[in-house]
Number of protein chains: 2
Amino acid sequence: MATIWDVAREAGVSPSTVSNVIHGRPVVKPATRQRVLEAIAKLDYHPSRVAQGLRQQTSRAIGFLVLDPNPRWPADPLHAEVLAGLSEIATEHDYSLLLDRPPGNGQLTARELLQPFRSGQIDAAVVALAGTSDSHQHVLDALNQAGVLFAVLEREIEGECAYSVMGANEDGAYAATQKLLRDGRRRIAFLDSTQMWPAIELRLSGYRRAMREAGLEANILISPSPDWTSAGGATAMLNLLARCEREGPPCPDAVLAGNDVLAVGAMHVLRERGLRIPADVAVIGFDDFEFARYVDPPLTTVRLPAYEMGKRAAELLIAHLEGHPASQRRHVLPTELVVRQSG
Amino acid sequence: MATIWDVAREAGVSPSTVSNVIHGRPVVKPATRQRVLEAIAKLDYHPSRVAQGLRQQTSRAIGFLVLDPNPRWPADPLHAEVLAGLSEIATEHDYSLLLDRPPGNGQLTARELLQPFRSGQIDAAVVALAGTSDSHQHVLDALNQAGVLFAVLEREIEGECAYSVMGANEDGAYAATQKLLRDGRRRIAFLDSTQMWPAIELRLSGYRRAMREAGLEANILISPSPDWTSAGGATAMLNLLARCEREGPPCPDAVLAGNDVLAVGAMHVLRERGLRIPADVAVIGFDDFEFARYVDPPLTTVRLPAYEMGKRAAELLIAHLEGHPASQRRHVLPTELVVRQSG
DNA sequence: TTGAAAGCGTTACCAT
DNA sequence: ATGGTAACGCTTTCAA
């Protein structure tokens, strides 16, 4: 592997000059530049990002730090969309993207999240943490205190350096519930999960608010899935139906699912039970992932701009690194009710 | 940020000793080790991976190099599953995972793919290239010649350093087509795409072989999607139906889709046209992504073990890096026909 | 068992 | 316009 010294020797100049050429500094005179470029091409020289990183104390990489109990998290459509957005922007600005899943499956320590920063692997990170919105708060505080640059997804944040990129989850769930209420639905159930996720609390809260305002607080009915898979959604729906049959509250006439993946599982169960969608039970999902419009009946859902959120987060961080911090710390991207045929 | 010198000073030892402690070398005597560990904790010291990388000429990172015209590639379920497998194994072995999309949208150059290796960012890479199986061959040859370690997905490979991880695409498509033939289907169409992908050629070839062996070569009918989205699948299906109505070959009684994403779009169109699945038209997909069993009717499909392929690729590379090269270069993971109700 | 010093490949300052 | 050189933080001989 050729080094800058090899190039310098080949071109009959000093490493400093080669460096100047690499960085396009206008000090080198054309003839010299030419010779250096030829030497670079001839030796197939690539500057070592590692050495550059050590010298300049910067890595030109951003991290995607995900704390999720599910090892298959990248296969979750929401994560995947965010990742796509991050990757898009990173590539565009010649930044690398480092995927990092902190090892601790149990309690997350600040040390673990700080590790990639401290070890010089990344200049900034996008952080997505499972759990309730107040869990891991100490970790975020620690990141803030450490003065590292990061953007957190779907969470409110205090502190100086952090950005926060969120979807309007509360609004979205409120709008969806209202739509169901307008359609005459009264027994609207919500499918959430025992595995908490910050955005879910907000979605739940939007649902609750709409129910409360409609004077239907007594009808609030929540069934948890064990995870965020369609299989889990099916289980949650099954449990819900069983509970209603057993304990008396009549079957729901509508279901608002915590996300589309759950909704798909729930619809499957409803169909199997011979319940018509939306005639007997309306279903509304959340996220508007690619397949929402292709399930049968096409899924009415609240669109969350996950791809755009990924892009925004990356843009904020990179701009900040390049000396253009945004004035807004908190970025809320709008959600939108996409009415199809399931509810 | 504390350096190894700070720790050394704090513990009253030399940097060498701190280094020895960090790497768990048994030369340091317990009392010293203790003092060093305390200093590390006190200063919240993290060794710089960058400096380590520079010194040891190794990065402890593997790259996922994806050449795909679609910027949203991580949202494709297949990619996402592979990525999940890679991430799982990388984390397990304390390797970082670097996502890299070469900038060139047009013709890929070897230089671009070599860049992350040469610049010391990664020790090895998993490579996924869109295009036909012979396109970009020169690039893979160049990688081989450069002596870098990599595993290529869904492609045959010659050469010394490369691994190849594939699914049994030809087998899977052959089995699926045979199943349709056994069920009495005769006019079986295949949905592929103008955007080629190595695995698709094999799937297509399995389909062709089965049709040929059944003496139905004349019935081979192929409709391309403009991309690999469900919307594209719908377009391909629409075009197919239009062509049949216009030009005479009777409507297909079965569709083998290049992948599940396409299949979902195709099913949507069939339903809209009032065609019953599978009574009028059977549909079989490919991949068995999470939602295959939840569409209506549940999708019969060829399961491709994408998650396992990701894991395998990462395992091979990491084992190789740690001095345990596998004897097998070429790894073919089996596919399996999952019969549900669509075909 | 521990320490001193060279070197990994680059950049940035200071000379020339 | 170009070159010399120290420094980035670490590991690795080699010597003590």
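The values are calculated or read from the model by the stated rules, or taken from the named source; none is laboratory data. Predicted, not measured: the structure shown is a model, and the values here were computed from it. Using ideal geometry, Cβ is built from the backbone for each residue, glycine included, and neighbour counts are taken over all protein chains shown. Ligands, DNA and RNA are excluded from the accessible area calculation, which covers all protein heavy atoms including side chains. Shrake-Rupley method; radii C 1.70, N 1.55, O 1.52, S 1.80 Å.
Taking the stretch A:140-235 and the strands (runs of 3 or more DSSP E) fully enclosed by it, the elements with 1 or more residues that are touching an Asp or Glu at 6+ places or on another chain (Cβ under 9 Å), of a type in the set (A, V, I, L, M, F, W, C) and within 17 Å of A:Arg303 (Cα to Cα) are at A:163-167.
Tell me whether the stretch A:234-255 contains one or more residues that are in contact (Cβ under 8 Å) with a residue 60 or more places away in the chain and at the interface with chain B (Cβ under 10 Å from one of its Cβ atoms). So far as the stretch A:234-255 goes, no, none of its residues is in contact (Cβ under 8 Å) with a residue 60 or more places away in the chain and at the interface with chain B (Cβ under 10 Å from one of its Cβ atoms). Exactly one residue among A:Ser48, A:Ser16 is open to solvent by 60 Å² or more (accessible area, probe 1.4 Å) and within 14 Å of DNA strand D (Cβ to nearest atom), and that residue is A:Ser16. Would you confirm whether any residue within the stretch A:205-227 is at pLDDT 95 or above and at positive phi? Yes, because at least one residue in the stretch A:205-227 is at pLDDT 95 or above and at positive phi.
Looking at B:Arg340, is it under 30 Å from B:Val127 (Cα atoms), open to solvent by 20 Å² or more (accessible area, probe 1.4 Å) and in contact (Cβ under 8 Å) with a residue 24 or more places away in the chain? So B:Arg340 does not fit the description; no.
Determine which single condition B:Pro334 fails, assuming it passes every other condition in (1) away from chain A (no Cβ under 14 Å); (2) under 28 Å from A:Gly274 (Cα atoms); (3) open to solvent by 20 Å² or more (accessible area, probe 1.4 Å); (4) under 22 Å from the mean Cα position of the chain (by Cα). For B:Pro334, the exception is condition (2). Taking first residues from the stretch A:14-32 that are under 20 Å from A:Gln56 (Cα atoms) and away from every other protein chain (no Cβ under 14 Å) and partners that are within 8 Å of DNA strand C (Cβ to nearest atom) and of a type in the set (Phe, Trp, Tyr), the Cβ contacts under 9 Å between residues at least 6 apart in sequence or on separate chains come to A:Pro15/A:Trp5; A:Val18/A:Trp5; A:Val18/A:Tyr45. On inspection, A:Ala84 does not qualify as touching a residue at least 24 places away in the same chain (Cβ under 8 Å), more than 7 Å from chain B (Cβ to nearest Cβ) and farther than 20 Å from A:Pro198 by Cα. Taking the stretch A:1-13 as the region of interest, how many residues are within 8 Å of DNA strand D (Cβ to nearest atom) and surrounded by fewer than 18 Cβ atoms within 10 Å (Cβ to Cβ)? Residues that pass the stated criteria total 1. B:Val261 fulfils the conditions (1) part of a helix (DSSP H, G or I); (2) open to solvent by 10 Å² or more (accessible area, probe 1.4 Å) except for a single criterion, (2). Is there a residue being within 11 Å of chain A (Cβ to nearest Cβ), of a type outside the set (A, V, I, L, M) and touching a residue at least 12 places away in the same chain (Cβ under 8 Å) anywhere in the stretch B:132-141? No, every residue in the stretch B:132-141 fails to be within 11 Å of chain A (Cβ to nearest Cβ), of a type outside the set (A, V, I, L, M) and touching a residue at least 12 places away in the same chain (Cβ under 8 Å). Among the residues of the stretch B:2-13, the one identified as aliphatic (A, V, I, L, M), more than 14 Å from every other protein chain (Cβ to nearest Cβ) and more than 8 Å from DNA strand C (Cβ to nearest atom) is B:Ala11. Restricting attention to the stretch B:278-291, the residues that are facing another protein chain (nearest Cβ under 10 Å) and of a type in the set (A, V, I, L, M, F, W, C) add up to 2. For the stretch B:84-93, indicate whether the set of residues that are within 13 Å of DNA strand D (Cβ to nearest atom) and either over 34 Å from the mean Cα position of the chain (by Cα) or not acidic (Asp, Glu) (or both) is non-empty. Taking every residue of the stretch B:84-93 in turn, none turns out to be within 13 Å of DNA strand D (Cβ to nearest atom) and either over 34 Å from the mean Cα position of the chain (by Cα) or not acidic (Asp, Glu) (or both). Here A:Ala128 meets each of (1) open to solvent by less than 10 Å² (accessible area, probe 1.4 Å); (2) of a type outside the set (Val, Ile, Thr); (3) in a helix (DSSP H, G or I) with one exception, condition (3).
Being out of contact with any Lys or Arg (no Cβ under 7 Å at 6 or more places or on another chain), open to solvent by 50 Å² or more (accessible area, probe 1.4 Å) and within 9 Å of DNA strand C (Cβ to nearest atom) is true of B:Pro26. Specify which of the listed residues (B:Ala306, B:Ala319) is surrounded by fewer than 22 Cβ atoms within 10 Å (Cβ to Cβ) and either closer than 30 Å to A:Pro297 by Cβ or of a type in the set (Gly, Ala, Ser) (or both). That would be B:Ala319, the only listed residue that is surrounded by fewer than 22 Cβ atoms within 10 Å (Cβ to Cβ) and either closer than 30 Å to A:Pro297 by Cβ or of a type in the set (Gly, Ala, Ser) (or both). Quick one: is B:Gly53 more than 16 Å from DNA strand C (Cβ to nearest atom), surrounded by 15 or more Cβ atoms within 10 Å (Cβ to Cβ) and over 28 Å from B:Phe291 (Cα atoms)? Considered against the rule, which asks whether it is more than 16 Å from DNA strand C (Cβ to nearest atom), surrounded by 15 or more Cβ atoms within 10 Å (Cβ to Cβ) and over 28 Å from B:Phe291 (Cα atoms), B:Gly53 comes out as no.
Starting from residues that are at the interface with chain A (Cβ under 8 Å from one of its Cβ atoms) and buried (at least 22 other Cβ atoms within 10 Å of the Cβ), keep the ones in the stretch B:58-75 and report whichever is farthest from A:Ala51 (Cα to Cα). The extreme case among them is B:Ala75. Within the set A:Ala125, A:Ala142, A:Ala130, the sole residue that is at pLDDT 95 or above and of a type in the set (A, V, I, L, M, F, W, C) turns out to be A:Ala125. Within the stretch A:224-248, the residues that satisfy the criterion of being open to solvent by 10 Å² or more (accessible area, probe 1.4 Å) and of a type in the set (A, V, I, L, M) are A:Ala231, A:Ala234, A:Leu238, A:Ala242.
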